[in-house]
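Trainee: Before anything else, here's the structure in question.
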Amino acid sequence: TTTAGCTTTISKTVNSVPAPIANFSYSSTLCDNQPVQFSDQSQTGGGGSIQSWNWNFGDPASGMNNTSTAQNPVHQFSAAATFTVTLTVTNGNGCYQTIDTVLTIGQRPVANFAADTACQGSLTTFTDLSTGGSMASYNWDFGDGQFTTSATPTHLYAIPAVYQVHLTVTNTLGCQRDTIKPVLVLGKPVPLFSYE
């Protein structure tokens, strides 16, 4: 309408296309420097197929790995902390939606142990020295085909040799770490004596 009172009208049809519905799931175990699998669960919402995925893991210390355009990426978080993960999905019509989810990343333990003097035919005691929370499970591989899940086990070596002992620990957060150390098993002394 002009100041002189003249009017005119125009009408246009606008097609509203539904945006996609962004959603995702992730691994049940969340630990620093351990792969976390993300799975896209976004829906089209009736607006056409999803064409792109843009992830930001809120983890700038991970450098170039902080973002991804994969549909189902894997990310290793750089520290035990809280991170906001953002997913933006876009369909073929250019419509998009973003979702943010806060993840709390737990600390992985540091696996460590000590063994007392190992002698052929005598029990060797292994002492767990792992740190990084309370441990929920232990898996020992003594390097001679024998295994145990005891926290502080003893083991009998039948043959003198150097054995690569492998310890895997899992803390109460489900975070896991392992270590391998050589253990030298000494042979039995040979008793000898003479007499006159």
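Trainee: Listed residues ASN66, ASN54; which is modelled with pLDDT of 95 or more, out of contact with any Leu (no Cβ under 9 Å at 6 or more places or on another chain) and at negative phi?
Mentor: Going through ASN66, ASN54 in turn, just one is modelled with pLDDT of 95 or more, out of contact with any Leu (no Cβ under 9 Å at 6 or more places or on another chain) and at negative phi: ASN66.
Trainee: Identify the single condition in (1) part of a strand (DSSP E or B); (2) without any contact (Cβ under 8 Å) to a residue 60 or more places away in the chain; (3) among the polar types (S, T, N, Q) that GLN97 does not satisfy, given that it satisfies every other one.
Mentor: Failing condition for GLN97: (2).
Trainee: Can you go through PHE83, PHE113, PHE126 and tell me which one is in contact with a Leu (Cβ under 9 Å, 6 or more places away or on another chain), under 30 Å from MET64 (Cβ atoms), open to solvent by less than 70 Å² (accessible area, probe 1.4 Å) and of a type in the set (Phe, Trp, Tyr)?
Mentor: PHE83
Yes/no matrix, rows are residues, columns are (1) surrounded by 13 or more Cβ atoms within 10 Å (Cβ to Cβ); (2) closer than 30 Å to GLY58 by Cβ; (3) under 26 Å from the mean Cα position of the chain (by Cα):
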site	(1), (2), (3)
LEU87	yes, yes, yes
CYS95	yes, yes, no
LEU103	yes, yes, yes
GLY143	yes, no, no
GLN164	no, no, yes
ASN171	yes, yes, yes
CYS175	yes, yes, yes
VAL185	yes, no, no
LYS188	no, no, no
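Trainee: Only one of (1) assigned to a helix (DSSP H, G or I); (2) more than 25 Å from ASP178 (Cα to Cα) fails for GLY45. Which number is that?
Mentor: Of everything listed in (1) assigned to a helix (DSSP H, G or I); (2) more than 25 Å from ASP178 (Cα to Cα), GLY45 misses just condition (1).
Trainee: Could you grab me the full set of residues in region 129-141 that are farther than 30 Å from PRO73 by Cβ and open to solvent by 40 Å² or more (accessible area, probe 1.4 Å)?
Mentor: Of everything in region 129-141, those that are farther than 30 Å from PRO73 by Cβ and open to solvent by 40 Å² or more (accessible area, probe 1.4 Å) turn out to be LEU129, THR131, SER134, ASP141.
Trainee: Within region 125-151, which residues are within 20 Å of ARG108 (Cα to Cα) and β-branched (Val, Ile, Thr)?
Mentor: Within region 125-151, THR127, THR131, THR149 qualify.
Trainee: Give, as residue ranges, the strands (runs of 3 or more DSSP E) completely inside region 109-196 that count at least 2 residues that are without any contact (Cβ under 8 Å) to a residue 24 or more places away in the chain.
Mentor: Counting at least 2 such residues, we get 161-171, 176-186.
Trainee: So which residues in region 69-95 are at pLDDT 95 or above and of a type outside the set (A, V, I, L, M, F, W, C)?
Mentor: The answer is THR69, GLN71, ASN72, PRO73, HIS75, GLN76, SER78, THR82, THR84, THR86, THR88, THR90.
Trainee: Oh, and also: Just name the residue that is farthest from GLY132 (Cα to Cα) out of those in region 44-85 that are over 22 Å from the mean Cα position of the chain (by Cα) and of a type in the set (Ser, Thr, Tyr).
Mentor: Taking the candidates together, the pick is SER49.
Conditions tested, residue by residue: (1) in contact (Cβ under 8 Å) with a residue 40 or more places away in the chain; (2) under 18 Å from VAL102 (Cβ atoms); (3) open to solvent by 40 Å² or more (accessible area, probe 1.4 Å).
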| residue | (1), (2), (3) |
| --- | --- |
| THR1 | no, no, yes |
| THR8 | no, no, yes |
| PRO20 | yes, no, no |
| ASP32 | yes, yes, no |
| PHE38 | yes, yes, no |
| THR44 | yes, no, yes |
| SER49 | yes, no, yes |
| PRO60 | no, yes, yes |
| ALA70 | no, no, yes |
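The values are calculated or read from the model by the stated rules, or taken from the named source; none is laboratory data. Note that the coordinates shown come from a computational prediction; the quantities given were computed from them, not determined experimentally. Note: ideal-geometry Cβ built from the backbone for every residue, glycine included; neighbour counts use all protein chains shown. Heads up: the accessible areas ignore ligands, DNA and RNA and are worked out on the full protein's heavy atoms, side chains in. Shrake-Rupley method; radii C 1.70, N 1.55, O 1.52, S 1.80 Å.
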